[in-house]
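Below: the structure, in structure tokens.
The values are calculated or read from the model by the stated rules, or taken from the named source; none is laboratory data. All of these numbers come straight from a predicted model, not from anything done at the bench. Note that each Cβ is placed from the backbone with ideal geometry, even for glycine, and that neighbours are counted across all protein chains shown. Surface areas here come from the heavy atoms of the whole protein model, side chains and all, with no ligands, DNA or RNA. Shrake-Rupley method; radii C 1.70, N 1.55, O 1.52, S 1.80 Å.
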Amino acid sequence: MIAEAPARTWPHRHLIDVEGMSRGEIERICDLAVDLREARAARRVPPLLEAETIGLAFYEPSTRTRISFELAAKALGATTVDLHLAGSSAVKGESLVDTLRTLERTGVTTLVLRHASAGAPNLAMRETGMRIVNGGDGAHAHPTQALADALTLREALGPLDGRTIAIVGDVAHSRVARSNVHALGALGARVRVAGPPAWVAGFAAWDGVEVATSLVDGLRDADAVMALRVQLERGATLGDEAAAWRLDSGRMELAAPGAPILHPGPTNEGVELTAELANGPRSLIGRQVENGVPIRMAVLALVCGVA
Ligand code: NCD
């Protein structure tokens, strides 16, 4: 089925954000990811991307996202090239746009870009002819993480309509939180952000997003809880609040019975959640990582117009 000619052409050459994506589009990515996950497990992935050269340009540290994009591209038969920032001409002062144009001229057709500046993928889209996939830009968006989280939640809870998902912690600085608010909302979930006032206040104006400023209100009846890393590199400070918001198995009892815990990683165990919770039976953190590869396979295949 996967190898057949595309039934419906994917209308987007780029993936910059999940904001504005329809429910149908998100579900299509998740459904394709499930097919590709099975094909990968059976070592029967069709080489849909053998004509593509996928560039990885990560201007911020990354383990999960970079490795899973690389594995996703290779599993689909693409040629991959990693910019290796520390050894690239960027350290000689070359501008982002010049570096990206160089990648394009050497034959990169699709670029996965992570950058500390929100909007860098939009710049890449305007200034080059490559297809651009956002691997995380500043505090703005991290669409493929939110899609992997949506798939993980859908597989744990079933359809998300009317289910309450609490996103807890440093929401203000989190691109993962922002993209999850859009993705989960599109899938019909009730999205709640919870944290100390300074970390959630900005969300009061967001349509359909509940804001909670106490742990009890944040976790009450939540069908799933997503913790976030405190983004020290974006100016977050760890005050006395940290201990009050640290999630552990006892505090998870405030949520709906058996509610799973998620975290995009990397976790700072003992800061936003305990190691016991992160590694315990409620944890979906490993599933989120596992789903990252097939979700990125699906995204690459769709933006390249081969699925
Ligand atoms: C996140 C990121 O880089 O935005 N990590 C990830 O991609 N899984 C979250 C974080 O760094 O806290």
Within the range 226-239, does at least one residue satisfy the condition of being open to solvent by less than 30 Å² (accessible area, probe 1.4 Å) and over 22 Å from Gly136 (Cα atoms)? no
Cβ pairs under 6 Å, 6+ apart, first in the range 127-154 and in contact (Cβ under 8 Å) with a residue 24 or more places away in the chain, second hydroxyl-bearing (Ser, Thr, Tyr) and within 12 Å of the ligand (Cβ to nearest atom): Gly135/Thr65; Ala141/Ser179; His142/Ser179; Pro143/Ser179; Ala146/Ser179
Taking the range 55-92 as the region of interest, how many residues are in a helix (DSSP H, G or I), more than 12 Å from the ligand (Cβ to nearest atom) and either without any contact (Cβ under 8 Å) to a residue 60 or more places away in the chain or under 17 Å from Val176 (Cβ atoms) (or both)? 9
If you check Ala236 against the conditions, is it of a type outside the set (Ser, Thr, Tyr), over 15 Å from Pro260 (Cα atoms) and more than 16 Å from the ligand (Cβ to nearest atom)? no
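For every residue, the table says whether it meets (1) touching a helix residue (DSSP H, G or I) at 6+ places or on another chain (Cβ under 8 Å); (2) more than 21 Å from Leu15 (Cβ to Cβ).
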position: Arg126; (1), (2): no, no
position: Val133; (1), (2): yes, no
position: His140; (1), (2): yes, no
position: Glu155; (1), (2): yes, yes
position: Ile165; (1), (2): yes, yes
position: Asp170; (1), (2): yes, yes
position: Ser174; (1), (2): no, no
Evaluation of Ala242 against (1) in a helix (DSSP H, G or I); (2) within 16 Å of the ligand (Cβ to nearest atom); (3) under 19 Å from Ala141 (Cα atoms) (one fails), failing number: (3)
Does any residue of the range 125-140 turn out to be open to solvent by less than 10 Å² (accessible area, probe 1.4 Å) and assigned to a helix (DSSP H, G or I)? no
Would you tally the residues in the range 176-201 being among the small types (Gly, Ala, Ser), assigned to a helix (DSSP H, G or I) and closer than 18 Å to Leu247 by Cα? 1
What's the total number of residues in the range 155-175 that are in contact (Cβ under 8 Å) with a residue 60 or more places away in the chain, under 17 Å from the mean Cα position of the chain (by Cα) and part of a helix (DSSP H, G or I)? 1
Exactly one of these conditions fails for Glu104: (1) farther than 18 Å from Val299 by Cβ; (2) in contact (Cβ under 8 Å) with a residue 60 or more places away in the chain. Give me its number. (2)
